Amino acid sequence: MTAVPLWAWAATLAVLALLIVIDLVLTRKGESGLRAAAVESVLWLAAALAFGGVLWLWRGPAIGGQYLAGYLLERALSVDNVFVFVVLIVSLRVPAELQRRLLFLGVVGALVLRGVFIAAGGALIEHVSWIFYVFGAIVLLAGARMFRAGEGGGSGNNLAVRGLRRVLPVTEHYDGGRYITRAGGKSMATPLLVALVAIAVTDVVFALDSIPAVFGVTRDLFVVFTSNAFAVLGLRALYFLLAGSADRFVYLKPGIALLLVFIGVKMLLYDVVHMPIWVSLVVIAVIVVAAVAASLWHDRRRQRARPDLAAPDPAAPDPADPDPAALQRPEPQGAARR
């Protein structure tokens, strides 16, 4: 693993912090329309590619290619993560005006947790050489499990919700943006705290697969962290862009499973087959593009077979607001707010 100067780490963290602040300023009005989400996603993609260009000029084409492959891999894996977030937020009926703050805290928490995981994984690979093959087996099994089950990562959030409800008393209704409220003379967690914990646990579950996978592309800790960071920081915009569209990407999950199997096999055969980084980059790009294209083609055929599916219901709720009626429910009169 190539050592990167401390100033480079400090400068990178400062850039990431600045981008987060800029994102908060630009989205402070809380707009969650499709156009706003698309613009935000494009800006995060541009920032990620710009950083990759700087890395390419600074450390050469090989490292630049590793970063691009790692970012593309993490971006693809994060789409499945987003779809789980959609299910989670809809099931917990999170009000639309709270979703951006919830996802922001979840993304920042994910960035910190992944930084810890990456540092631990890098230390293990450097001091325990055979752990790299364990990571390969984990990635391969994750891909096989996704092929077999057809769903990935969905159980972690359910366990988090059930576990927190057993440990803490939870109110049935939200109390504005509060995570803890008082009801019946005692402190109780609100569903917003349950949603935050569930999102954090869900990302940890996904990180256990995605971080070993990116080590299959590069062992450079700086590249692993930055590719993860830019992929994770774009999650919030990606959520609002893809919310309500999960059923359109029917071939995305098999594509992600195939990606994990490819990376897992590549890691297990590391000492036998030395694959150039450009081959990995091409394979990852082809699988992602093919999965998205096949999904859109399937969706178009489905709409032609069922014309009623192509015409959206004008009275249907906004995907970013899964239950508008829930926002109109009055607060219980007996609940005292902190």
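All of the numbers you see were taken from the coordinates with simple rules; none came from a lab. Since we're looking at a predicted model, the values are computed, not measured. Don't worry about glycine lacking a Cβ; one is built from the backbone with ideal geometry, like all the others, and counts go over all protein chains shown.
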### Task
Report the label-to-label distance for Leu57 and Val112 in nanometres (one decimal), using points 7 Å from each Cα along the Cα→Cβ vector.
3.4 nm
### Message
Placing one identical point scatterer on every Cα of the range 25-86 and ignoring solvent, what is log10 I(q)/I(0) from the Debye formula at q = 0.18, 0.23, 0.24, 0.26 Å⁻¹?
### Response
-0.79, -0.99, -1.02, -1.07
### Query
If you add up the charges near Gly143, with Lys and Arg at +1 and Asp and Glu at -1, over every other residue whose beta carbon is less than 11 angstrom from its beta carbon, what do you get?
+2
### Value of Rg to Rh for the range 31-306 (Rh from inverse mean 1/r over Cα pairs, i.e. Kirkwood)
0.99
